[in-house]
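See below for the structure under consideration.
Values in this text are rule-based calculations from the coordinates and carry no lab data. Bear in mind the structure is a predicted one, so any value in this text is a computation, not a measurement. When we count neighbours, we look across all protein chains shown, and the Cβ atoms used for this are built from the backbone with ideal geometry, even at glycine.
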Amino acid sequence: MAKATFWNKKQFIFAIAILACAILLFTAGLFFLRHVESNATNYTPEQICHNIIGKVKYGSLVKVDDSQVPKHYDIPDGVISSCSVYISKSSESAEELCCFLLKDTSKYSALQDAVSKHISMKAKSFQDLSPGQYNLLKNYHLTRSGRYVLVAVGDNAKAAEKIFLSMLS
């Protein structure tokens, strides 16, 4: 009888160990899937901007060459893997549309700081010059979806944000 109880205890401990391993594997699988999902990239930032510009009536936007982006945004190294920046051709307009692809979702706050500094500097130059454009800058849209970040300045910023979110949902 004592021998049967000993085997039952062993079987019980073995069953608990198997159950713990199964729970551990399931949890690891969920973390892996979330990591893969948050790092998925279906579009380039250029494709996103091009799609938004095609659907939203922005003024005259011109693409900023990648080598010129640091003149507009002071983004620390290692924060983004690619970007697409469009600004107004006219120095009298504050319109802007930018899409950034973060290297990792944890880098968002660093990009958010760079965007905030850029918008603040740009707003200072429009504050006395054009109150309407200054207002657009004060009400800019900064939206993130996974590793993608959209910056939209202009009368159609809300529409640009909706298109951005619909593309990435």
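Name every residue in the range 90-115 that is without any contact (Cβ under 8 Å) to a residue 12 or more places away in the chain and among the hydroxyl-bearing types (Ser, Thr, Tyr), in order of residue number. Hits for the range 90-115 are Ser91, Ser106, Ser109.
Quick check on this structure: which one of Val85, Val153 is in contact with an Asp or Glu (Cβ under 6 Å, 6 or more places away or on another chain) and buried (at least 19 other Cβ atoms within 10 Å of the Cβ)?
Val153
Restricting attention to the range 73-105, the residues that are within 21 Å of the chain's Cα centre (by Cα) and farther than 15 Å from Ala152 by Cβ total 14. Taken over the range 116-139, the criterion of being touching a residue at least 40 places away in the same chain (Cβ under 8 Å), out of contact with any Lys or Arg (no Cβ under 8 Å at 6 or more places or on another chain) and crowded, with 18+ Cβ neighbours inside 10 Å is satisfied by His118, Gln133, Tyr134, Leu136. With respect to (1) of a type in the set (Val, Ile, Thr); (2) under 10 Å from the mean Cα position of the chain (by Cα); (3) more than 17 Å from His50 (Cβ to Cβ), the lone exception for Val115 is condition (2).
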